[in-house]
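Asks: I am attaching a structure below and will ask some questions about it afterwards.
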Amino acid sequence: MPELITPTARLHRQWLDARDDWGRGVHQDGSGLRADDEVDSADGFAAWVDRITAESDPERPPAEGRVPCTYWWIAEGDTVLGSISLRHELNDFLLRAGGHIGYGVRPSARRRGLAGYALGVVLGHARERGLDRVLITCHETNEGSRRTIERHGGVLEDVRDTELGRTRRYWIALRA
């Protein structure tokens with residue numbers, strides 16, 4: 001049974017297995033992984049986990065161009081299947097292209113409903129944070145993500161060219 005867990009340095013090897021499923025250097029939506037993060041060594045991985053964990057603290061000022069964000073891993077036992085993130089607010093870039101929620105499921109675990117499960121849980125967290133609606137985006141050609149967003153009540157606002165390519169922008173209203 002999948003669950004959302006807080007990122008932990010304890011799952012270094014398992015996370016590397018998931019990363020290698022994606023492919024080294026491949027962007028993983030919702031993970032918080034940046035090009036300059038060194039995650040192969042135990043110390044580098046622990047530093048990355050510490051950074052993404054700290055980014056959820058609204059009392060800590062975010063890095064330039066960033067907003068507070070909470071990250072979870074989608075896991076079954078100790079197997080890391082994907083990531084999902086909730087940005088607590090939007091800046092100009094996120095309003096144009098990125099949205100409140102980003103998620104990704106490793107290639108070998110797709111088509112099992114994991115993204116839909118994780119999105120449903122994180123929409124609950126967004127509601128608890130006091131958000132009354134969230135923006136979720138996906139690439140225009142990402143049919144699986146489009147269906148996942150629409151199944152959760154996503155209403156298409158528009159399709160536009162952004163820094164991330166041709167992007168579908170959806171709003172989901174959150175009801176108490």
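Only the coordinates and a few stated rules stand behind these numbers; no lab work does. All of these numbers come straight from a predicted model, not from anything done at the bench. Neighbour counts are summed over all protein chains in view; Cβ atoms, including those assigned to glycine, are modelled from backbone coordinates with ideal geometry.
Asks: Using only DSSP helix segments of four residues or longer, with each worth -39500 (n - 2.57), what per-residue ellipticity at 222 nm results for the chain after dividing by its residue count and rounding to 500?
Replies: Helix-only estimate at 222 nm: -8500 deg cm²/dmol.
Asks: So, one more: Per-residue counts of other Cβ atoms within 10 Å, averaged by peptide: what ranking do you get for 98-107, 54-63, 137-146, highest first?
Replies: On the way: 98-107: 23.2, 54-63: 12.5, 137-146: 16.7.
Listed from highest to lowest mean packing, they are 98-107, 137-146, 54-63.
Asks: Give me the net charge for the shell around residue 109: Cβ to Cβ below 15 angstrom, other residues only, Lys and Arg +1, Asp and Glu -1.
Replies: Charge balance near residue 109 sits at -2.
Asks: Follow-up. Net charge within 13 Å of residue 158 by Cβ-Cβ distance, Lys/Arg positive one each and Asp/Glu negative one each, not counting residue 158 itself? Don't skip to the end; give the middle numbers.
Replies: Values: positive: 96, 160, 166, 168, 169; negative: 140, 157, 161.
That works out to +2.
Asks: Quick one: helix 42-54 against the long Cα principal axis of the chain, what's the angle to the nearest 10°, folded into 0 to 90?
Replies: In the chain, helix 42-54 runs at an angle near 30 degrees to the longest axis.
Asks: If N is the number of residues in the chain, what value comes out of its Cα radius of gyration divided by 2.2 N^0.38 Å? Provide the component values of the computation, followed by the final result.
Replies: Values: Rg = 15.4 Å, N = 176, 2.2 N^0.38 = 15.7 Å.
Relative to the 2.2 N^0.38 Å estimate, the chain comes out at 0.98.
Asks: Something else about it: Which listed residue (9, 156, 100) has the Cα farthest towards the positive end of the charge dipole for the chain, taking +1 on Lys and Arg C-beta and -1 on Asp and Glu C-beta about the Cα centre?
Replies: 156
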